[in-house]
Amino acid sequence: MQKKKFYVTISSDAMPYQKKPHTLKIGLDADLAEELKWLVPGYSSYRILKKSVDARNRHNPHFMYSVEVYGPGESPQERKITVEKVNYQGPKPIIIGSGPAGLFSALRFVERGVPCRLFERGSDSVTRMKAINRFWRYGELNPQNNVCFGEGGAGLYSDGKLISRIKSPYIPYVMNRLVKFGAPEEIEYLANPHVGSDRIRRVIPKIREFLLANGCEIFFDTQITQILTTTISAKKSVIGVKTLNNETFHTDKIILATGHSAEDMFYHLAEIDVAIEGKSFAVGLRIEHPQKLINQIQYREAAEHPKLGAANYRLAYHNKKTDIGIYSFCMCPGGYVLSCNTEENRVVCNGMSNYSRNSQFANAAIVVSVDHEKTFGSNIWGGLNFRRELEEKAMSQVRVAHGTNEIPAQRLIDFLAKRAGQTLPSSSPSGVKAANLHELLPENIFQELKSGIEKFDSNMHGFISDQAQLHGVESRTSCPIRITRDKETLQSITHEGLYPCGEGAGYAGGITSAACDGIKVVEKILNC
């Protein structure tokens, strides 16, 4: 390593070390602390600002660090992100949904000193997990407690990835608070931060305890069925909510963070004339390979190096002839493919991994972009109906194979050849049933997937493998509906006081972006 690549400089006796982020390339068998001793003799401590694996040269993977170095007598200060209390006058704001958007909305409110109410149609995470396990084991689906509904939302059973493509000033706050409640400290500096589904399920209850102790009322097993409104001089405003048990709660501020699967709420909003529009989304299948194979493709001869762990990938291809994108989504190294049904007659699949990422399988969604306007025109429900049709058709394939709660699956090579075949072992806790997934998808989507997968194999030779298996259907990568809000006030453009928020409202796509959107909405409500 050349010293010129390291930007810590000695400037004077009064300030011998100029603290400045810089990038260091560290080999797999090298040690960061030892490298720093050579580069900056006599340093006292350092703080990692960013760490990533650079595997672009697959014969020489290495780590890239951004480091802040401290001289004698100096040490890193604890990362503290504080928010000031505000003097809020008015009824308690109501939050509907306890996924990342809803939870971080509530957290921001109470840290600002504002009492609020949080409503969740499902149960607390412990009760919810019992219901999910019963579904995976016995096929007993609870429509209110499943992988999409209940405390933590869909983020509770995900890979726990915190990667986000958005640029938000609230990302450091989100990471800092997750660490505060038990997430690993490394998420504040890893380029691809990851909590893990097992750890995030321990973080969520601690957030709940903090909320309850600081002015947030939480109502589990309490589905909101109506948004109450009033109209004065042609101006529509929210005045409260009504639950399934006909209890009424009044407020003039409602954050709607119900997630991408609360279809009943979408239809209710249409009934009360809330502005809704169709939104482009993506559908496809979830592919699974042996993790060992992905390691070999990505890391070559370093595949078994203990410092590297489970390899991941991100793939994208734009078909110029059709102007359609095909890409990987929610890649789960060392993970599991999950059955995420929310209704008896539908199949949905997704992926997750635990913190250790020690499953012998790797999985990722491979999806095709669906342009709403080109595909469905002015029909705002076109995407939602299409999603339902695919999920019902997937369940029909399971039923034909005499299954109950399994996931329809097909070997990749059989899918590409459009032929039936036997399934491979799968990580799915509910099992799989052999199905012709090439018949599940419309022909144009099948062809796009085929061309995308073939392109991915040219980038990752071995991606097309007789060890790879597809699972269906991956239909909830994002919501095909957007609840239209004003860009400045973040309120519904038709109903004052209604704040559509997060992934289900069409303004986020993952744990971090949904959490940031929840914070952004709260700050707008409080005018901070």
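Hey, could you check the stretch 384-427 for residues that are surrounded by 21 or more Cβ atoms within 10 Å (Cβ to Cβ) and among the basic types (Lys, Arg) and say which is farthest from GLN469 (Cα to Cα)?
Only one residue fits best here, namely ARG387.
Is the stretch 341-351 home to any residue that is buried (at least 17 other Cβ atoms within 10 Å of the Cβ), of a type in the set (Val, Ile, Thr), modelled with pLDDT under 95 and more than 16 Å from the chain's Cα centre (by Cα)?
yes
Can you find, within the stretch 43-57, the residue that is farthest from MET175 (Cα to Cα) among those that are surrounded by fewer than 16 Cβ atoms within 10 Å (Cβ to Cβ) and within 28 Å of the chain's Cα centre (by Cα)?
The extreme case among them is ARG56.
Condition check ((1) at pLDDT 95 or above; (2) within 17 Å of the chain's Cα centre (by Cα)) across all residues:
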{"position": "ALA183", "(1), (2)": "no, yes"}
{"position": "TYR189", "(1), (2)": "no, no"}
{"position": "GLY196", "(1), (2)": "no, yes"}
{"position": "ARG208", "(1), (2)": "yes, no"}
{"position": "ILE232", "(1), (2)": "no, no"}
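Identify the single condition in (1) within 30 Å of TYR65 (Cβ to Cβ); (2) of a type outside the set (Ser, Thr, Tyr); (3) in a loop (DSSP other than H, G, I, E, B) that VAL179 does not satisfy, given that it satisfies every other one.
(3)
Please return the ranges of strands (runs of 3 or more DSSP E) entirely within the stretch 208-318 where 3 or more residues are touching a Phe, Trp or Tyr at 6+ places or on another chain (Cβ under 9 Å).
The qualifying strands (runs of 3 or more DSSP E) are 216-219, 235-243, 254-256, 281-290.
Kindly provide the set of residues from the stretch 357-386 that are closer than 23 Å to LEU315 by Cα and in a loop (DSSP other than H, G, I, E, B), ordered by number.
ARG357, ASN358, SER359, GLN360, ASP371
Residue-wise test of (1) hydrophobic (A, V, I, L, M, F, W, C); (2) surrounded by fewer than 23 Cβ atoms within 10 Å (Cβ to Cβ); (3) touching a helix residue (DSSP H, G or I) at 6+ places or on another chain (Cβ under 7 Å); (4) in the same structural domain as CYS516 (by TED's automatic domain parsing).
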| residue | (1), (2), (3), (4) |
| --- | --- |
| HIS62 | no, yes, no, no |
| LYS80 | no, yes, no, no |
| ASN87 | no, yes, no, no |
| SER98 | no, no, yes, yes |
| GLY102 | no, no, yes, yes |
| PHE109 | yes, no, yes, yes |
| CYS116 | yes, no, yes, yes |
| THR127 | no, yes, no, yes |
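I'd like to check something: does the stretch 34-42 contain any residue that is free of Cβ contacts under 8 Å to residues at least 60 places away in the same chain, exposed (fewer than 15 other Cβ atoms within 10 Å of the Cβ) and in the same structural domain as GLY240 (by TED's automatic domain parsing)?
No, the stretch 34-42 has no match at all.
The values are calculated or read from the model by the stated rules, or taken from the named source; none is laboratory data. Because the structure is a prediction, the values reported are computed rather than measured. Neighbour counts run over all protein chains shown; Cβ positions are idealised from the backbone, glycine included.
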